[in-house]
1. Inside region 91-109, can you point out the residues that are open to solvent by less than 70 Å² (accessible area, probe 1.4 Å) and in contact with a strand residue (DSSP E or B) (Cβ under 8 Å, 6 or more places away or on another chain)?
2. So, in region 139-155, exactly how many residues are out of contact with any helix residue (DSSP H, G or I) (no Cβ under 8 Å at 6 or more places or on another chain) and either open to solvent by 10 Å² or more (accessible area, probe 1.4 Å) or not in a strand (DSSP E or B) (or both)?
3. Just name the residue that is least open to solvent (accessible area, probe 1.4 Å) out of those in region 110-132 that are farther than 20 Å from residue 39 by Cβ and part of a loop (DSSP other than H, G, I, E, B).
4. Looking for something without any contact (Cβ under 8 Å) to a residue 24 or more places away in the chain and touching a strand residue (DSSP E or B) at 6+ places or on another chain (Cβ under 6 Å) - is there at least one such residue anywhere in region 120-131?
5. Taking the stated definitions as given, is residue 202 free of Cβ contacts under 8 Å to residues at least 24 places away in the same chain and touching a strand residue (DSSP E or B) at 6+ places or on another chain (Cβ under 6 Å)?
6. Need a quick list: helices (runs of 4 or more DSSP H) entirely within region 12-90 having at least 1 residues that are surrounded by 11 or more Cβ atoms within 10 Å (Cβ to Cβ), modelled with pLDDT of 90 or more and touching a strand residue (DSSP E or B) at 6+ places or on another chain (Cβ under 9 Å).
7. Condition first: open to solvent by 90 Å² or more (accessible area, probe 1.4 Å), of a type in the set (A, V, I, L, M) and modelled with pLDDT of 90 or more. Now tell me which residues in region 1-11 satisfy that.
8. Any idea how many residues of region 173-186 are surrounded by 13 or more Cβ atoms within 10 Å (Cβ to Cβ), over 15 Å from residue 51 (Cα atoms) and within 14 Å of the chain's Cα centre (by Cα)?
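The values are calculated or read from the model by the stated rules, or taken from the named source; none is laboratory data. Since this is a predicted model, take the numbers as computed values, not measurements. For neighbour counting, all protein chains shown are included, and Cβ atoms are generated from backbone atoms with ideal geometry for every residue, glycine included. Heavy atoms of the whole protein, side chains included, go into the accessibility calculation; ligands, DNA and RNA do not. Shrake-Rupley method; radii C 1.70, N 1.55, O 1.52, S 1.80 Å.
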Amino acid sequence: MNAREEILRRVDRVMPARPAAEIAAAYDRIDRGYVRRHHDAGVLDLFAERVADYRATVLRVPASAVPGTVAQRLAARPGAYGVPGDLPSEWVSAPDAAFVRDPSVPALDGLAGAVTGCAAAIAETGTIVLDHGAGQGPRALSLVPDYHLIVVLAGQVCPDVPEALERLDPLRPLTFVSGPSATSDIELSRVEGVHGPRTLEVLLVE
């Protein structure tokens, strides 16, 4: 028996495992009478406003303008960009940009940035959620490059947290993005880019 197994054995001795049916019944008894949404109108406006509050750039574009806008934003930062292998090809069709599909982890440090989609977005909090499924790539792709461009479809924006969580699979690796990576741990001085992208740009496709 290794150390981990010994610790778990001691925990089980003090707190025996409960039957799954008992756990499910306990969750069913939780009062969920809280307000599920605070907004019924202007959800996209609120989302754009809240994301901008986090010092991120928000660009609202029609679907037809996504390729040109992506090309324009990346032109200001020369270099290669990492993209998920299954990202819609029309989003990254700019002839002058260099795209690396499914870059390896060692290659991430050398990229100018990353372009991904998302799983959901929350207007109330200005948060974008990646579950690293279709069009999003592995978590490292959204954390290592210094620049991250996320394409958010209007239909992915939920008014509030409860509705967004219902769209997500809790068994997937979820990454919640609320603006560029930032910390104020040292003398309350804000520093960006310590544990994630220093620059976040969002294309809100309406």
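1. 91, 92, 97, 98, 99, 100, 103, 107, 108
2. Within region 139-155, residues that are out of contact with any helix residue (DSSP H, G or I) (no Cβ under 8 Å at 6 or more places or on another chain) and either open to solvent by 10 Å² or more (accessible area, probe 1.4 Å) or not in a strand (DSSP E or B) (or both) number 6.
3. Quick first cut of region 110-132, residues farther than 20 Å from residue 39 by Cβ only: 110-117, 119, 130-132.
When the remaining residues are screened for being part of a loop (DSSP other than H, G, I, E, B), the result is 111-112, 117, 119, 131-132.
Working: 111: 23, 112: 26, 117: 5, 119: 27, 131: 25, 132: 24 Å².
Step by step, filter region 110-132, then rank; the result is 117.
4. Checked region 120-131: no residue is without any contact (Cβ under 8 Å) to a residue 24 or more places away in the chain and touching a strand residue (DSSP E or B) at 6+ places or on another chain (Cβ under 6 Å).
5. no
6. Values: elements: 20-28, 43-53, 66-75.
Output list reads 43-53, 66-75.
7. If the condition is that a residue be open to solvent by 90 Å² or more (accessible area, probe 1.4 Å), of a type in the set (A, V, I, L, M) and modelled with pLDDT of 90 or more, then 7 is the only one that fits.
8. Going through region 173-186 one residue at a time, the tally reaches 2.
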